[in-house]
Amino acid sequence: MKCIACGKTAQETNIVTYIDAKNDTSHNICGACQTKISADKESKIEAIDLQIKQYEELSKSLAKILKSVPKSDLNMDGESPIGISPLGAFKGIQSSLAHLKVRRMELELQESTEEQLVRELREALEKEDYETAEKIRAKIKTNGEEA
Ligand SMILES: [Zn+2]
């Protein structure tokens, strides 16, 4: 069993088989490639930010758990219901975060100045940071130039 994207085998990484019942096909893909593909599919910075937030929270709580796990169990596969060792799960989350952050940067670089300002304005308003929101509003009025 090999990952269709990177060619790694099940011995080297965790591989999941996806079955497409509609087309009667299936493919094997590893966790790392799957997270990269799903990050690359995302086209909205807001959606990525939400995922980054969720993964960061997950990462924090898993970090706490790891410290309470006996050292001998950190790399133990198979015993857990998901078949990934505690350290392996942590690694997976960090890899997802890395892919999401790269994708976020790609999208950010594609944004026009106006799109960027509108997004920053929305973010400021969500945080109830009215001072920053006011500054961004002024910038939008002057077409992105510093007021
Ligand atoms: Zn792969």
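The values are calculated or read from the model by the stated rules, or taken from the named source; none is laboratory data. Given the structure is predicted, the values throughout are model-derived calculations rather than measurements. Methodologically, a virtual Cβ is constructed for each residue, glycine included, from the backbone with ideal geometry; neighbour enumeration extends over all protein chains shown.
In the list SER96, SER43, SER59, which residue meets the criterion of being touching a helix residue (DSSP H, G or I) at 6+ places or on another chain (Cβ under 8 Å), part of a helix (DSSP H, G or I) and either more than 30 Å from ARG122 (Cβ to Cβ) or away from the ligand (no atom under 16 Å from the Cβ) (or both)?
Working: SER96 fails: either more than 30 Å from ARG122 (Cβ to Cβ) or away from the ligand (no atom under 16 Å from the Cβ) (or both); SER43 fails: part of a helix (DSSP H, G or I).
Answer to the selection: SER59.
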Just one listed residue, out of ILE65, ILE37, is within 22 Å of CYS6 (Cα to Cα), surrounded by fewer than 13 Cβ atoms within 10 Å (Cβ to Cβ) and without any contact (Cβ under 8 Å) to a residue 40 or more places away in the chain, and it is ILE37
With LYS22, LYS53, LYS71, LYS36 as the choices, which residue is under 30 Å from GLU115 (Cα atoms) and modelled with pLDDT under 90? LYS36
Taking the criterion of being within 15 Å of the ligand (Cβ to nearest atom), assigned to a loop (DSSP other than H, G, I, E, B) and exposed (fewer than 13 other Cβ atoms within 10 Å of the Cβ), would at least one residue in the range 11-33 satisfy it? yes
